[in-house]
């Protein structure tokens with residue numbers, strides 16, 4: 001693993017970690033144990049992780065490096081995969097992060113030199129590393145914006161109230177919720193609510 005980037009949902013700063021950040025890099029350009037160990041600690045401390053194609057790629061790749069570096073499984077955490085939301089709810093021309101963000105007017109991925117960027121980082125080229133850091137950070141910014149756009153369309157998101165102990169919107173945790181109609185399921189009627197912040201819908205208390 002060369003690098004990873006992330007941000008917490010309640011913070012705006014994107015953090016990028018890469019192999020040159022750790023002691024011993026110049027002696028061994030391919031030793032990723034310290035990098036992987038930090039990623040393991042991050043996933044061990046989160047409740048929910050959001051990624052694009054994360055369920056099929058990012059999290060499995062991370063697990064493979066955890067296994068290789070003799071790390072135990074991190075505590076279970078929930079995942080939200082924006083690629084799965086796009087595939088389930090829409091019919092876009094392309095579900096790739098770059099295409100979806102372009103379609104929504106969010107922005108596009110940063111251009112780079114293709115496989116040569118990865119090869120440059122593997123050789124220890126600092127210019128390649130600088131571009132890799134910018135590229136990774138920008139991807140996280142795009143991902144966060146994409147998630148905010150598709151969140152109200154996503155079924156069965158984790159209920160944030162269970163993690164915060166609050167009584168807000170299950171999807172975003174905000175409290176500007178209004179009653180809008182009713183939800184009917186066989187013989188059960190529930191009050192229906194919509195969040196005025198993220199615009200997601202959810203069913204509330206049973207009425208009869």
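The values are calculated or read from the model by the stated rules, or taken from the named source; none is laboratory data. Model, not experiment: these values are computed from the prediction. Glycine gets a Cβ as well: all are built from the backbone with ideal geometry, and neighbour counts include every protein chain shown.
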**Request:** Under 8 Å between Cβ atoms, at least 6 apart or on separate chains: pull out the pairs that start in the range 54-76 with a residue that is at pLDDT 95 or above and end on any residue that is surrounded by 12 or more Cβ atoms within 10 Å (Cβ to Cβ) and assigned to a loop (DSSP other than H, G, I, E, B).
**Result:** 61/1; 62/1; 65/1; 65/32; 66/74; 69/32
**Prompt:** For residue 115, are the conditions met, namely being free of Cβ contacts under 8 Å to residues at least 40 places away in the same chain, within 28 Å of residue 1 (Cα to Cα) and in contact with a helix residue (DSSP H, G or I) (Cβ under 9 Å, 6 or more places away or on another chain)?
**Reply:** no
**Request:** Would you mention how many residues in the range 27-51 are closer than 11 Å to residue 79 by Cβ and surrounded by 15 or more Cβ atoms within 10 Å (Cβ to Cβ)?
**Result:** 5
**Message:** I'd like to check something: does the range 13-29 contain any residue that is closer than 19 Å to residue 118 by Cβ, in contact with a strand residue (DSSP E or B) (Cβ under 6 Å, 6 or more places away or on another chain) and in contact (Cβ under 8 Å) with a residue 40 or more places away in the chain?
**Reply:** yes
**Request:** Pick out the one residue from 131, 143, 83, 92 that is closer than 30 Å to residue 197 by Cβ, surrounded by 15 or more Cβ atoms within 10 Å (Cβ to Cβ) and free of Cβ contacts under 8 Å to residues at least 60 places away in the same chain.
**Result:** 83
